[in-house]
Protein chains: 2
Amino acid sequence: MNVNAHRESPHVIGIDFGTLSGRAVVVRVADGAEVGTAVHEYASGVIDDVLPATGAALPPDWALQDPDDYREVLRHAVPAALAASGVPASSVIGVGIDFTACTVLPALADGTPLCELPELRGRPHAYTKLWKHHAAQRHADRINALAHERKEPWIGRYGGKISSEWQFAKALQLLEEDPEIFARAQRWIEAADWIIWQLCGVETRNVCTAGYKAVYQDGRYPSRDYLAALNPAFPAVLDKIDHPQSPLGARAGGLTAEAAAWTGLPEGIAVAVANVDAHVTPPAANAIAPGQLLLVMGTSTCHVMNGEILAEVPGMCGVVRDGITSGSWGYEAGQSGVGDIFAWYVDHAVPPSYVERAAQRGMSVHELLSEESAAQPVGAHGLVALDWNNGNRSVLVDHELSGLIVGLTLATRPPDIYRALLESTAFGTRTIVEAFESAGVPVTELVIAGGLLKNAFLMQIYADVVNRPLSIIGSEQGPALGSAIHAAVAAGAYPDVPAAAKAMGKVHRNVYLPDPDRAYAYDALYAEYRLLHDYFGRGTNDVMHRLRTFRNQARAGGQTS
Amino acid sequence: MNVNAHRESPHVIGIDFGTLSGRAVVVRVADGAEVGTAVHEYASGVIDDVLPATGAALPPDWALQDPDDYREVLRHAVPAALAASGVPASSVIGVGIDFTACTVLPALADGTPLCELPELRGRPHAYTKLWKHHAAQRHADRINALAHERKEPWIGRYGGKISSEWQFAKALQLLEEDPEIFARAQRWIEAADWIIWQLCGVETRNVCTAGYKAVYQDGRYPSRDYLAALNPAFPAVLDKIDHPQSPLGARAGGLTAEAAAWTGLPEGIAVAVANVDAHVTPPAANAIAPGQLLLVMGTSTCHVMNGEILAEVPGMCGVVRDGITSGSWGYEAGQSGVGDIFAWYVDHAVPPSYVERAAQRGMSVHELLSEESAAQPVGAHGLVALDWNNGNRSVLVDHELSGLIVGLTLATRPPDIYRALLESTAFGTRTIVEAFESAGVPVTELVIAGGLLKNAFLMQIYADVVNRPLSIIGSEQGPALGSAIHAAVAAGAYPDVPAAAKAMGKVHRNVYLPDPDRAYAYDALYAEYRLLHDYFGRGTNDVMHRLRTFRNQARAGGQTS
């Protein structure tokens, strides 16, 4: 490395733009030590009710943001983190960011968001569409149907299905619902790339969002022919997104005088190409070798892993060349519901006696149920659940599936169900692991990041169910640390991301090892899970779809009682 | 009728011997008015932990009673009911009883229970085995396997399976675990018949328990050959149970001087032949016509109905000639878990917010959840459940099945699940109704008795799901009223049970009528129930059995965590 320990120790800043706030972390380049952090909440948060500029109600499933909230993070969180760290601004040699994705906005050619034009301030489509804007499902459905009909080569790289969250679905909705905004948008850009533009004054496009969210494969976007078949005016979207691709860890440019004034950082320091929150985390855990499957476990789980070969893994969210680390195929898969299933259970199905007991013992209900669950032998609850309360992304790609629990008796108690739900998500991860391996992409180790790693019992279940060692990230700010690593590379402190990850990434290896007896016992339960998984998930019994249809019809105007 | 309204109005007494107590009700013969009632709890209750005489622990699944507790009901509840009624003892012309069944005890030839012999006081097998004594399952399994192997003609009349609760299973356990007690038992007798013996000094055997609990069909018990194949010593059981059968409503004898002293009733008044609690209830609801299916709905549901023809209905508990009303075939079916599933849910899966809200509104959690459930259109919860948390009696006869719920989402709330559970039991009843009809036994009306009839929302669900009018019994003491009706017939006040039921039975007809729209909507949900019912219940996927096996193995000595 290029750092001279005898001079002032250099630092980098990683900024993680989340759903409700942005977090800046000051990181020492030499060893990845996190020396200061600050969080700034977005003033407008998630705009999903009414548009503040007009007070007009938004339709269901909309989720917008105001891009100036992102600039405010630069103005407040960065100086605050620096102040908290106590290190001089002059020691900062680079800045990197990661963002939620696909979070995308229309802009002018100079980067001005359309929503910042006074005459468009009252137009919802002029704003950033947040990742969880889910109002473009019917556009996504058309995108997918046509792709299969035309046998588009890229569809297989996304598990056979493009999400309504992604760039083309959101752009098609924009075109068809507000064609004037579509026409005036000279750029259609990920917020990740847009904030980099704000920092260094230069438009860049990172390979990660281009590949995972904008269907950029083998050097090209979907063809004009295909887009025209969706809507004759739609090929124009290509002009709004076309731009040379920048590799992860590259220098996007130097910090502008304006951005230096916002942040208090030195003008001209390196600004790294943008990243996505999940995909930037493997370097933070130094888990970028092929076979190291990193799970970002929170309300849902995102699985990211480098592979040496290109394979079409069933149900994956995407496989992108250089999408996680340059030189590898970056795979992404996901489970739509994990922590939020546990939270749903605790919030809506745990009786007062447990809530009171947890309070008396000064612990959370999750902790109490985990403790009591852990006292059971594998299988003693007699239950199996399907972890589809929020649908299934991988490997079935079906968000209209639903949850199931079987084996209930009058003797079933909360720790039984809680454990069965924890296990169901581990079975879901094992299903993904086996899909990778069946496609020829080995998985040798699980590395865990995200809020759920604090549940040691859950971690042990995953190790036992998947029958592989479990390592855990050594940072509570994984995405920001990953962004800082990319900043260090962009600043030239390390030759590449792997070298920086080795020095700055933090992981505790093999914290949880599978127990052979439990792993053996889980094989039998997992076999039951897979049998139910295929019966309910692959069309043998489409009851879950039919129940959803009944539900929607009934809510649309049925009789009561 | 024979009652002369100008003389002192005659009365009868019905006594209902339950699991924990006995209830006596004084009933006016003319119109069935219930003029006084009293309850006496059994001092020893259910003996399922240790034997009081020795303090010795009982094995799992045992449930005994002390028969003197039944006499105590005669000594206390009858005089107390009479006192409460204010009518003179001299107005009482007869007494009838009903009992839990199969509740059976070994006795000497004079009726002395073996447990009352001082030298046998410490022997568990000398006591009454209560209906829910479940320690004879392996004996029942052998009884069933051999019956099928030998194609015994009677097995089809019990849905293909004899219960471990019944007389032969309990007797075989007695023989093989304590052959001395078996040998000393000169009589093996239902507690129902035993208490009649105590009242009138004469042994009788009622056709109801003989048919439903002792496999008495077409004038005979199972053959000596068959019994000898189970155990060479087992045919001797026939000598202990053989006795002429007495029809329901017949006079067993006159009240003895001793029993008159216990009860305060006139010596010599009519004592009716014994009845069983569920089977005695149809007359109390004046629901003894063919096609009137009476449901006794409580923790479980017992379905009883008279039919004009003999048919083998899948999964029925039994069909017995004259078993409910003389001259008809009496059918019995059952659901193993109904109210206890709802109670399980409320006790173990309802969060504090609902419990608190119910308390604030001064209602039960059941009432609150029913109210909120009732506000939903059919199908709006998107759920279907299988009502097998306590196994399935009819139509699958498989107590190792378990509960299931499908359709869970993060938006699922307690009223959704509660309603799905209520509906699942209605689907279970519809399955039984359809099994009767498919076998050629029409069901035209449901008549409801038991504690659950107080839930009007549940009643409406049953009417809509089964798509038939629902009538409800007009007495809260149905079994005791039914026993009183039999007492009136035995005393000669009416020529037969139908005539007495017409005068004394109480029913509110067509209280709940099916709503055509809801019935139509439920057809779709019921189709889903049946699909799951057959998939999980008929061997396509035996996951419920395997999960139970895993559970039992794990509990027998597995590793934890």
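Position residue A:513: other-copy label points at 7.4 nm, ordered by increasing distance, label point 7 Å along Cα→C-beta.
From the square roots a ≥ b ≥ c of the eigenvalues of the alpha-carbon gyration tensor of chain A, which class results: rounded (a/c under 1.5), prolate (a/b over b/c), or oblate? Since a/c reaches 1.5 but b/c is at least a/b, the shape of chain A is classed as oblate. Placing pseudo-labels 7 Å out from each Cα toward the beta carbon at residue B:231 and residue B:555 gives an inter-label distance of 2.6 nm.
Taking a ≥ b ≥ c as the square roots of the Cα gyration tensor eigenvalues, with a/c under 1.5 meaning rounded and otherwise prolate when a/b beats b/c, else oblate, which class fits the stretch A:40-120? Since a/c reaches 1.5 and a/b is larger than b/c, the shape of the stretch A:40-120 is classed as prolate. The antiparallel fraction among DSSP beta bridges confined to the protein assembly as shown stands at about 70%.
Remark: the residue B:141-residue B:353 segment gains 71.7 nm on full extension, using 0.36 nm per residue and subtracting the alpha carbon distance. Its DSSP H runs of at least 4 residues, each contributing -39,500 (n - 2.57), put the calculated 222 nm mean residue ellipticity of chain A at -11500 deg cm²/dmol, to the nearest 500.
The ranking of A:90, B:326 by Cβ neighbour count inside 10 Å, starting from the fewest, reads A:90, B:326. Amide H to amide H distances under 5 Å link residue A:35 with A:26, A:27, A:28, where only residues 5 or more positions off or on other chains count and H is placed in the peptide plane. Rounded, prolate or oblate for the stretch A:316-358? Axes are the square roots of the Cα gyration tensor eigenvalues, ordered a ≥ b ≥ c, and the cut-off for rounded is a/c under 1.5. Because a/c hits 1.5 or more and a/b exceeds b/c, the stretch A:316-358 counts as prolate. Size descriptors for the stretch B:493-545 (Cα atoms only): Rg and Dmax, in that order, 20.8, 57 Å.
Reported to the nearest whole Å, the Cα centre-to-centre distance from the stretch A:104-169 to the stretch B:104-156 is 73. Once the C-beta distance of residue B:257 and residue B:33 is scaled by a Förster radius of 22 Å, the resulting FRET efficiency is 0.15 to the nearest 0.05. For residue A:347, inter-copy separations between label points set 7 Å beyond Cα along the Cβ vector come to 2.9 nm, shortest first.
Largest first, the three principal axis extents of the alpha carbons in the stretch A:1-141 are 58, 33, 28 Å in whole numbers.
Here r is the Cβ-Cβ distance between residue A:434 and residue B:8 and R0 is 60 Å; the resulting FRET efficiency, rounded to 0.05, is 0.10.
Summing Lys and Arg as +1 and Asp and Glu as -1 over all other residues whose Cβ lies under 15 Å from the Cβ of residue A:496 gives a net charge of +1.
Phi angles of the stretch B:381-391 translate, via the Karplus equation with coefficients 6.51, -1.76, 1.60 and θ = phi - 60°, into HN-Hα couplings of 7, x, 10, 9, 10, 9, 8, 10, 4, 10, x Hz per residue; Gly and Pro are given as x.
Once the C-beta distance of residue A:49 and residue A:456 is scaled by a Förster radius of 30 Å, the resulting FRET efficiency is 0.20 to the nearest 0.05. Listed by Cβ neighbour count within 10 Å, with the fewest neighbours leading, A:203, A:400 appear as A:400, A:203. Beyond 23 Å in Cα-Cα separation lie the following of the pairs A:129/A:506; A:132/A:506; A:161/A:213; B:161/B:213: A:129/A:506; A:132/A:506.
Our note on the geometry: Cα centres of the stretch A:11-87 and the stretch A:179-215, 18 Å apart.
For B:398, A:68, A:16, A:239, the sequence from fewest to most other C-beta atoms within 10 Å is A:239, A:68, B:398, A:16. If each of residue A:224 and residue B:238 carries a label point 7 Å out from its Cα toward its Cβ, how far apart are those two points in nm? Between residue A:224 and residue B:238, the simple spin-label model gives 9.7 nm. Each residue, residue A:68 and residue B:309, gets one label point 7 Å from its Cα in the Cβ direction; the gap between the two is 8.3 nm. At 25 °C and a viscosity of 0.890 mPa s, what translational diffusion coefficient does Stokes-Einstein give for the protein assembly as shown, taking Rh as the Kirkwood radius over Cα pairs? Give it in µm²/s as a whole number. Taking Rh from Cα pairs, D becomes 73 µm²/s.
Sorted from shortest to longest, the distances between the residue A:220 label points of this copy and the other copies are 8.8 nm, with each point 7 Å from Cα along the line through the beta carbon.
No value in this document is a laboratory result; all are computed from the given coordinates. Remember, it's a predicted structure, so these values are computed and weren't measured experimentally. All Cβ positions, even for glycine, are placed from backbone atoms using ideal geometry, and neighbour counts span all protein chains on display.
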